[in-house]
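J.: Structure provided below as structure tokens; questions to follow.
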Amino acid sequence: MAKMLSFVLYIYLTFAFCVIYTDAATPSNFTYVCDPARYAQLGLDINSLPFCDKTLSYEVRARDLVRQLTLYEKVRQLGNRAYGVPRLGVPEYQWWSEALHGLSNVGPGTFFDNSVPHATSYPTPILTTASFNKSLWNTIGKAVSTEARALHNLGHAGLTFWSPTINVARDPRWGRIIETPGEDPFVVGTYAANYVRGLQDVEGTESNKYKDLNSRPLKVSACCKHFTAYDVDNWKGIERYSFDARVTEQDLVETFNRPFQMCVQDGDVSSVMCSYNRVNGIPACANHKLLKETVRQDWNLHVSDCDSVEVMIKNHHWLNVDNETAVSYTLQAGMDLDCGVYYTDYVENAVKLGKVAEGDVDQSLQYLYVVLMRLGIFDGQPQYNSLGINDVCTRAHIELAGEAAREGIVLLKNDNGVLPLATEKNETLAVVGPHANASVAMIGNYAFDPWNRGSPCRYSTPLNGFSSYGSVSYAAGCSDVKCADGNLIGAAVDAAKTADATIIVAGIDLSIEAESRDRLDILLPGKQTNLINQVADAAKGPVVLVIMSAGGVDISFAKSNPKIHATLWAGYPGAEGGQAIADVVFGKYNPGGRLPLTWYQADYVDKIPLTSLQLRPDDSKGYPGRTYKFFDGPTVFPYGYGLSYTKFNYALKAAPSKLTIKLSKFQHCRDLPYKNGTFKTSCPAVLMDDLSCNKIFKFDIEVKNAGNRDGDEVLLVYSQPPLGILGTHIKQLIKFQRVSVAAGTSRLVRFAINICQGLGIVDSNGNAVLPSGSHTIIVGDHQILHSIQLTYR
């Protein structure tokens, strides 16, 4: 089994409320709730408190604690600021902390000051995902949770973190793509499971050792957010707070919900956050089908969220309910925790008015206390007691942040192999553009709120990074990324005229794409295109364009401009990003990143509104499909695109050509719609729920590095359904692996794929089915095509 919780923003909480515990001792001296010495100091008899009996299960202990509370005391624990129960020695706790790509002071649960001024800032998830390196994602999670435990010991952080964000990036205009792992639901779910495992897993307590996962200890508690169909923030006056996401059951199952299911079932996440928006008319946080039926019953997790009670009342005006009715709906639907004061202020009266049972309050509170017990807040976790300030911003963590940036950077263009630059031929460098000296922009959002104290361990700007390779002339070219006028372009042009090589660092930032800020177009803002072209025209030597962004940008002009010799995408590369970019440009690191998003041409956004959530094309409206799975039109760069300084060749060494499944009398064939004139088998498909789905097919791929440089290659394995099935995907990613291959050598990569996960589709009614017929396995950009005939008998 799994567990509980969720949240959002209440900035009115002041630093006075940023205390993680309120106790007789200072936060840094707090040990754990059920410390006998602590209870003796408080004048309480610990032997009279069954919730401190370690021989009992967490569930029994949590139930005992809840049953000792008055209704007033209970509701005081249901906000992100839980007030504690002083008469029982239970301290106050602040639930809300963030750890999207490192610890953050966004949220009152974590704070920085002179004694703890910094934490390691990793690249934002969209760039880390571009590495397609599962072990890297897990390792970053481990490093972040180690710093979280260290800050917790120092009284500067809680142990519950409302991260990661795992919504699918359906449209390039969405402002929060920076937080996401991209557009493919399988990759998003795989990222979620690995990062969450890194955050939560206590070494030696893997989940398969626990029949009841609620008894498994947690290093920290993670939260996968925002469930579900959430990817509109503020577009043309339409805001997330009132948006009604109209979505089909097919798209919910296949795309929007899949990462959350993987986060729960593969990542064993301890909480899920519901989203602000409505889903087909019902606020997500009051949606019984989504929270109780899907997440709790089908996926076996306990859920909650926060802040959305207020949104439901003030923005959605859903059913025009009063406060007590609203909290009763969300509590009964399965939302255990409110980020704010609505539960704290109105649940008690809702119970007294008969709108919700006290038993519903008890159940939510038990879920919350079980999580705190699993974190060691009641019993301690001595293996982490020694962590402190020396475990924050360690050399290893800083290097990990740099490695993550290097692995994620994508080489988009490299005419005539101009990169890597040779230091002996490029001693003078012009480093120009609005991001040429970027620092804060590189760390993106959910990092360090400028209104509060705290910053990364250090910054390595692009200017810093390139200065380690040559003599640098710097010119911004624009006053900021909006580049409203061209007054500063001349200085950048002059710098390029005399430099051996020119690096233009351009793109966008949080002033263009961010939470509560969706884009209207996918072009470079202002006069950035003019800046780039003028600099390229004047440059004496090779010109390298570096783009910082989360969502794709139409840089077709640069792709086709022969004077722009190379292009890199660096996402938002974190505090070590500048050195990472320079290391790639000068060949200290051979790039191996792949785009986790489709980069569309600019007119794509004119063809479909951001608010249309359908993924499949709609010819009647002229809507194109979305993501590589459903869009077959022209792109600037396709999903999974990325070049290297070396060349890799693939060879399929072993793969089945036929798979047969024998059906029992209880397993029945289902029809599927086919295009006229295409072949349909006598048994088109079978429901996956009716199959055991334990059949595995395997194949080997030999990857040969045919170049003269060591490098990493990302193998992307897709499946394509039988020809002619209507309404299904073009192809879907089913496996991926990043491998390091030395120059002139080969690596054999073995894949084992579950037949249902690899070849299944979702039909128009939202049913997961396994179609028979000729499936095609595609590796990379069609380097390998292999057919597998699936037959039922």
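J.: From the phi of every residue in segment 40-54, what ³J(HN,Hα) in whole Hz does the Karplus formula 6.51 cos²θ - 1.76 cosθ + 1.60 yield, where θ is phi - 60° and glycine or proline is x?
T.: Residue by residue, segment 40-54 yields 5, 5, 7, x, 10, 8, 5, 5, 8, 10, x, 5, 9, 7, 5 Hz.
J.: Using only the alpha-carbon atoms of segment 236-316 as identical scatterers, what base-10 log of I(q)/I(0) does the Debye formula give at q = 0.10, 0.13 Å⁻¹?
T.: Once normalised to I(0) and log-transformed, intensities are -0.24, -0.40.
J.: Tell me, what ³J(HN,Hα) does each residue in segment 701-718 have, in order and in whole Hz, if you take phi through Karplus 6.51 cos²θ - 1.76 cosθ + 1.60 with θ = phi - 60° and put x for Gly and Pro?
T.: 10, 8, 10, 10, 8, 8, x, 10, 10, 4, x, 9, 10, 9, 8, 10, 10, 10
J.: Viscosity 1.306 mPa s, temperature 10 °C: what is the translational diffusion coefficient of segment 41-148 from Stokes-Einstein with a Kirkwood Rh over Cα pairs, rounded to a whole number of µm²/s?
T.: Working: Rh = 17.2 Å.
In µm²/s, the coefficient is 92.
J.: In debye, nearest 20: dipole of segment 272-357 around its Cα centre with unit charges on the Cβ of K, R (+) and D, E (-)?
T.: Dipole of segment 272-357, to the nearest 20 debye: 260 debye.
J.: Apply the a/c threshold of 1.5 to the C-alpha gyration tensor of segment 387-526 and tell me whether it is rounded, prolate or oblate. Write out the running numbers ahead of the final one.
T.: Details: a/c = 1.83, a/b = 1.21, b/c = 1.52.
Oblate.
J.: From the residues Gln534, Thr776, Thr180, which one has its Cα farthest along the dipole of the chain in the positive direction, the dipole being from +1 and -1 charges on Cβ of Lys/Arg and Asp/Glu about the Cα centre?
T.: Thr776
J.: For the chain, give the magnitude of the charge dipole about the Cα centre (Cβ charges: +1 Lys/Arg, -1 Asp/Glu; no others), in debye to the nearest 20. The partial results should precede the final answer.
T.: On the way: 73 positive and 79 negative charges, 426 e Å.
Charge dipole of the chain: 2040 debye, to the nearest 20.
J.: Okay, next question. To the nearest 500 deg cm²/dmol, what mean residue ellipticity at 222 nm is calculated for the chain from DSSP H runs of n ≥ 4 alone, each contributing -39,500 (n - 2.57), summed and divided by the residues?
T.: Helix-only estimate at 222 nm: -6500 deg cm²/dmol.
J.: Return the Rg/Rh value of segment 28-101, two decimal places, where both radii are evaluated on C-alpha atoms and Rh is the Kirkwood radius. All intermediate terms of the calculation are to be shown ahead of the outcome.
T.: Details: Rg = 13.5 Å, Rh = 13.6 Å.
Using Cα coordinates only, the ratio equals 0.99.
J.: Here's something else I'd like to know. Mean shadow of segment 429-496, computed from the convex hull of its alpha carbons, in nm²?
T.: Over all viewing directions, segment 429-496 projects a mean Cα-hull area of 5.5 nm².
J.: Right, another one. Counting Lys and Arg as +1 and Asp and Glu as -1, what is the net charge of the other residues whose Cβ lies under 13 Å from the Cβ of Thr120?
T.: -2
J.: For segment 688-742, what is the charge dipole size about the Cα centre, in debye to the nearest 20, if Lys and Arg each add +1 at the Cβ and Asp and Glu each add -1 at the Cβ?
T.: Magnitude of the dipole: close to 80 debye.
J.: What accessible area per residue comes out for the chain, rounded to a whole number of Å², with a 1.4 Å probe? The partial results should precede the final answer.
T.: Numbers: 28280 Å² over 793 residues.
Solvent-accessible surface per residue comes out at 36 Å².
J.: State the percentage of accessible surface on the chain attributable to carbon and sulfur atoms; use a 1.4 Å probe and exclude ligands, DNA and RNA.
T.: 48
J.: Among the helices of the chain (complete DSSP H runs), which have Cα atoms covering no less than 18 Å along the helix axis and a Kyte-Doolittle mean of at least -0.5?
T.: Membrane-span-like by this criterion, though nothing is claimed about a membrane: 134-153, 185-200, 358-374.
J.: At 1.306 mPa s and 10 °C, plugging the Kirkwood radius over alpha-carbon pairs of segment 466-621 into Stokes-Einstein gives what diffusion coefficient in µm²/s?
T.: 93
J.: Another question, if that's okay. Would you be so kind as to identify which of His118, Asn590, Tyr342 lies farthest towards the positive end of the dipole of the chain, taking Lys and Arg as +1 and Asp and Glu as -1 on Cβ and the Cα centre as origin?
T.: Working it through, the farthest residue towards the positive pole turns out to be Asn590.
J.: Determine the percent antiparallel among the DSSP beta bridges restricted to the chain, to the nearest 5.
T.: 65
J.: Label segment 60-109 by shape, choosing from rounded, prolate and oblate, from the square roots a ≥ b ≥ c of the eigenvalues of the Cα gyration tensor; if a/c is under 1.5 it is rounded, and otherwise prolate applies when a/b is larger than b/c, oblate when it is not.
T.: Prolate shape, in that a/c is at least 1.5 and a/b is the bigger ratio.
J.: If we count every other residue with Cβ under 14 angstrom of Pro656's Cβ, Lys/Arg +1 and Asp/Glu -1, where does the sum land?
T.: Around Pro656, the charge tally is +4.
J.: Hull surface divided by four, with the convex hull built on the Cα atoms of the chain: how many nm²? It would help to have the intermediate numbers written out before the result.
T.: Values: hull surface 137.0 nm².
Its average projected convex-hull area is 34.2 nm².
J.: Name the longest site-free stretch of the chain, where the excluded sites are GluC sites (Glu not before Pro) in a DSSP loop with no more than 11 other beta-carbon atoms within 10 Å.
T.: 425-793
J.: Using alpha carbons only, how many angstrom separate the centre of segment 497-558 from the centre of segment 121-149?
T.: Cα centroid to Cα centroid, the span is 27 Å.
J.: If packing is taken as the average count of other Cβ atoms within 10 Å, what order do 190-197, 690-697, 519-526 fall into, highest mean first?
T.: 190-197, 519-526, 690-697
J.: Please label the shape of segment 97-227 as rounded, prolate or oblate, based on the square roots a ≥ b ≥ c of the eigenvalues of the alpha-carbon gyration tensor (a/c under 1.5 means rounded; beyond that, a/b larger than b/c means prolate, else oblate).
T.: The shape class here is oblate.
J.: May I ask you to order 546-559, 727-740, 222-235 by the average number of other C-beta atoms within 10 Å around their residues, highest value first?
T.: Output ranking for 546-559, 727-740, 222-235: 222-235, 546-559, 727-740.
J.: Suppose we keep just the alpha-carbon trace of segment 359-410; what are its Rg and Dmax in angstrom?
T.: Answer for segment 359-410, Rg first and Dmax second: 18.7, 53 Å.
J.: In the calculated pair distance distribution of segment 229-374, what percentage of Cα-Cα distances lie above 26 Å? Provide the component values of the computation, followed by the final result.
T.: Details: 2458 of 10585 pairs.
The calculated P(r) of segment 229-374 puts 23 percent of pairs beyond 26 Å.
J.: Treating the Cα atoms of segment 679-793 as identical point scatterers in vacuum, please give the log10 of the normalised Debye intensity I(q)/I(0) at q = 0.12, 0.21 Å⁻¹, two decimals.
T.: Listed by q, the Debye log ratios stand at -0.49, -1.14.
J.: Okay, next question. Ranked from highest to lowest mean number of other Cβ atoms within 10 Å per residue, what is the order of the peptides 439-450, 532-543?
T.: Numbers: 439-450: 22.3, 532-543: 20.8.
Going from most to least packed, we get 439-450, 532-543.
J.: Still on this structure, please answer the following. Can you check what the net charge comes to around Asn487, using other residues whose Cβ is under 15 Å from the Cβ of Asn487 (Lys, Arg +1; Asp, Glu -1)?
T.: Net local charge, Asn487 excluded: -1.
J.: Follow-up question, since we're still on this one. Compute the normalised compactness of segment 616-742: alpha-carbon radius of gyration over 2.2 N^0.38 Å, N being the residue count.
T.: 1.38
J.: For segment 413-466, just list the percent of Cα-Cα distances falling in each 5 Å bin from zero outward, please.
T.: It works out to 4, 15, 17, 19, 17, 11, 8, 6, 4, 0, in whole percents.
J.: Measuring from centroid to centroid over Cα atoms, what is the spacing of segment 775-793 and segment 403-479 in Å?
T.: 41
J.: Taking only the C-alpha atoms, wrap a convex hull around segment 156-309 and report its volume per residue in Å³ as a whole number. Working shown, then result.
T.: Details: hull volume 18.9 nm³, N = 154.
Cα-based convex hull of segment 156-309, divided per residue, equals 123 Å³.
J.: In whole Å and largest first, what semi-axes does the C-alpha gyration tensor of segment 563-642 yield when each eigenvalue is scaled by 5 and square-rooted? Show your work: numbers first, answer last.
T.: Working: eigenvalues 217, 32, 25 Å².
Whole-Å semi-axes of the equivalent ellipsoid: 33, 13, 11.
The values are calculated or read from the model by the stated rules, or taken from the named source; none is laboratory data. Everything numeric here is computed off the predicted structure, so don't read it as measured data. When we count neighbours, we look across all protein chains shown, and the Cβ atoms used for this are built from the backbone with ideal geometry, even at glycine. Protein only, heavy atoms only, side chains kept; ligands, DNA and RNA dropped before computing areas. Shrake-Rupley method; radii C 1.70, N 1.55, O 1.52, S 1.80 Å.
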